[in-house]
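Notes follow the structure.
The values are calculated or read from the model by the stated rules, or taken from the named source; none is laboratory data. What you see is a predicted model; the values in this text were computed from it and never measured. Ideal geometry is used to build each Cβ from the backbone, glycine not excepted, and the neighbour counts take in all protein chains shown. Just the protein is used for accessible areas: all its heavy atoms, side chains included, with ligands, DNA and RNA removed. Shrake-Rupley method; radii C 1.70, N 1.55, O 1.52, S 1.80 Å.
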Amino acid sequence: MTATEQLELVSANKVHGGWLKRYRHRSGSLDCDMVFAIYLPPQAEQGPVPMLWWLSGLTCTDENFMQKAGAQRKAAELGIALICPDTSPRGVDLPGEDDSYDFGSGAGFYVNATREPWARHYRMYDYVTEELPALVKRHFPVDGERESISGHSMGGHGALICALKNPGRYRSVSAFAPIANPMACPWGEKAFSGYLGDDRTQWAQWDACELVKQAGNSGAARQELFVEQGENDQFLEEQLKPERLEAVCAEQDHPLILRRQPGYDHSYFFMASFIDEHLTYHAKHLL
Ligand SMILES: CC(=O)Oc1ccc2c(C)cc(=O)oc2c1
């Protein structure tokens with residue numbers, strides 16, 4: 001811990017016997033102040049609990065999942081901490097940062113930007129895989145050896161790439177309506193060209209389909225991917241493309257559970273409907 005590290009409590013609410021707390025801290029990797037949310041189940045009063053990281057989607061902050069998904073009841077029952085970072089650096093005031101919902105503020109895409117002016121602050125991959133986990137492990141009763149990851153849409157993409165880029169790190173990974181092949185959809189092409197430049201070989205490091213292709217060369221065991229997808233999702237065909245992940249997983253013999261749910265859209269109503277099953281899935285790997 002650095003001598004100056006400070007966590008400022010923003011809010012605290014008791015939920016299902018545990019505590020949902022929000023904290024502000026100075027992020028070194030993003031070079032700005034950030035807020036994250038953590039739900040500690042009642043079991044955390046007795047000793048360290050395993051963790052589920054939740055990565056949210058475009059336009060979200062640390063708050064959406066905690067307020068809308070209804071995950072705390074099951075997390076309290078299972079004894080799993082939930083941790084939700086914000087989705088981009090905040091307050092850094094870069095030109096054009098607030099011009100659109102799918103780039104800049106609220107749209108960090110969980111990559112480390114290499115292109116100016118984004119490279120100094122837009123390092124969400126380092127933030128969610130290194131800086132914030134280290135901080136959480138220093139300050140809260142969590143078991144650093146037991147972590148899993150999940151997310152929605154842009155955050156589903158984030159969860160998949162974090163797991164695929166770090167074999168053996170997360171006990172399990174799941175995703176709701178992930179942007180499965182960002183190199184080949186308008187959201188991803190805009191974000192990757194803006195943050196990473198025009199060299200598509202660099203983009204491949206941040207694309208779940210490309211990482212599944214590369215996973216066979218790492219020597220590590222292939223980790224199962226659990227994906228939930230609503231069939232009435234308004235972004236399904238143009239942006240999400242789960243069939244591409246399905247095809248590449250079949251081609252590479254990479255384990256994938258892809259569940260298509262009739263009638264469900266892209267909203268948090270979809271996540272609220274299946275979050276308990278995802279928590280139960282992660283609990284099988286964490287407990
Ligand atoms: C709270 C909420 O509705 O979140 C939300 C809405 C829309 C989207 C879209 C379109 C993409 C995404 O990545 O996340 C996302 C989250």
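Six or more apart or on different chains, Cβ atoms under 7 Å: show the pairs whose first residue is in segment 164-184 and touching a residue at least 60 places away in the same chain (Cβ under 8 Å) and crowded, with 24+ Cβ neighbours inside 10 Å and whose second is among the hydroxyl-bearing types (S, T, Y) and assigned to a loop (DSSP other than H, G, I, E, B).
Listed by first residue and then by second, the contacts come to A177/S153; P178/S153; I179/S153.
Which ones in segment 103-118 are surrounded by fewer than 18 Cβ atoms within 10 Å (Cβ to Cβ) and touching a residue at least 40 places away in the same chain (Cβ under 8 Å)?
The first filter runs over segment 103-118 and keeps only residues surrounded by fewer than 18 Cβ atoms within 10 Å (Cβ to Cβ), leaving 114-117.
Hits for segment 103-118 are T114, R115.
Look through A44, A76 and report the one residue that is farther than 27 Å from F269 by Cα and part of a helix (DSSP H, G or I).
A44
So which of A107, A119 is closer than 23 Å to M183 by Cα and within 16 Å of the ligand (Cβ to nearest atom)? Quick ask: steps written out before the conclusion?
Working: A119 fails: within 16 Å of the ligand (Cβ to nearest atom).
After applying the criteria, what remains is A107.
Across segment 259-272, what is the number of residues that are without any contact (Cβ under 8 Å) to a residue 12 or more places away in the chain and open to solvent by less than 60 Å² (accessible area, probe 1.4 Å)? If you could, list the steps in order and put the result at the bottom.
We begin by selecting, within segment 259-272, every residue without any contact (Cβ under 8 Å) to a residue 12 or more places away in the chain; these are 267, 269.
In the following step, the residues that additionally are open to solvent by less than 60 Å² (accessible area, probe 1.4 Å) were identified as 267.
Within segment 259-272, residues that are without any contact (Cβ under 8 Å) to a residue 12 or more places away in the chain and open to solvent by less than 60 Å² (accessible area, probe 1.4 Å) number 1.
I'd like the full set of residues that are open to solvent by less than 10 Å² (accessible area, probe 1.4 Å) and within 17 Å of K21 (Cβ to Cβ), limited to segment 41-55.
Within segment 41-55, P41, V49, M51, L52, W53, W54 meet the criteria.
Mind checking which residues of segment 18-35 are open to solvent by 10 Å² or more (accessible area, probe 1.4 Å) and either of a type in the set (D, E, K, R) or closer than 17 Å to F140 by Cα (or both)? Working first, answer last.
Taking segment 18-35 and keeping what is open to solvent by 10 Å² or more (accessible area, probe 1.4 Å), we get 19-24, 26, 28-29, 31, 33, 35.
Selection gives W19, L20, K21, R22, Y23, R24, R26, D31, D33, V35.
Output yes when any residue across segment 190-198 is in contact (Cβ under 8 Å) with a residue 40 or more places away in the chain, within 14 Å of the ligand (Cβ to nearest atom) and open to solvent by less than 10 Å² (accessible area, probe 1.4 Å), and no when none is.
Initial filter on segment 190-198 (in contact (Cβ under 8 Å) with a residue 40 or more places away in the chain): 190-192, 194-197.
Narrowing the set further to residues that are within 14 Å of the ligand (Cβ to nearest atom) leaves 190-191.
From the residues that got through so far, the ones that are open to solvent by less than 10 Å² (accessible area, probe 1.4 Å) too are 191.
Yes - at least one qualifying residue is present in segment 190-198.
State whether one or more residues within segment 50-67 are in a helix (DSSP H, G or I), in contact (Cβ under 8 Å) with a residue 60 or more places away in the chain and within 19 Å of the chain's Cα centre (by Cα).
Within segment 50-67 (the criterion being in a helix (DSSP H, G or I), in contact (Cβ under 8 Å) with a residue 60 or more places away in the chain and within 19 Å of the chain's Cα centre (by Cα)), the answer is yes, since at least one residue qualifies.
For A159, state whether it is buried (at least 16 other Cβ atoms within 10 Å of the Cβ) and within 13 Å of the ligand (Cβ to nearest atom). Before you say what the answer is, go through the steps one by one.
On the way: buried (at least 16 other Cβ atoms within 10 Å of the Cβ): yes; within 13 Å of the ligand (Cβ to nearest atom): yes.
Answer is yes for this residue.
For segment 172-274, list the helices (runs of 4 or more DSSP H) that sit wholly inside it and hold at least 2 residues that are of a type in the set (G, A, S), more than 15 Å from S153 (Cα to Cα) and more than 21 Å from the chain's Cα centre (by Cα); which are they? Talk me through it step by step, then tell me what you get.
Values: elements: 186-196, 200-203, 208-215, 242-252.
Once the helices (runs of 4 or more DSSP H) in segment 172-274 are filtered for at least 2 residues that are of a type in the set (G, A, S), more than 15 Å from S153 (Cα to Cα) and more than 21 Å from the chain's Cα centre (by Cα), what remains is 242-252.
Please tell me if L245 is over 22 Å from Q72 (Cα atoms) and in contact with a helix residue (DSSP H, G or I) (Cβ under 7 Å, 6 or more places away or on another chain). Even if it seems obvious, please write down each step before you answer.
On the way: over 22 Å from Q72 (Cα atoms): yes; in contact with a helix residue (DSSP H, G or I) (Cβ under 7 Å, 6 or more places away or on another chain): yes.
Against the criterion (over 22 Å from Q72 (Cα atoms) and in contact with a helix residue (DSSP H, G or I) (Cβ under 7 Å, 6 or more places away or on another chain)), L245 qualifies.
Given the conditions (1) over 16 Å from F36 (Cα atoms); (2) within 16 Å of the ligand (Cβ to nearest atom); (3) open to solvent by 20 Å² or more (accessible area, probe 1.4 Å); (4) touching a residue at least 60 places away in the same chain (Cβ under 8 Å), and given that R146 satisfies all but one, which numbered condition is not satisfied?
Every listed condition holds for R146 apart from (2).
Given (1) open to solvent by 60 Å² or more (accessible area, probe 1.4 Å); (2) in a strand (DSSP E or B), identify the lone condition not met by I38.
Single failed check for I38: (1).
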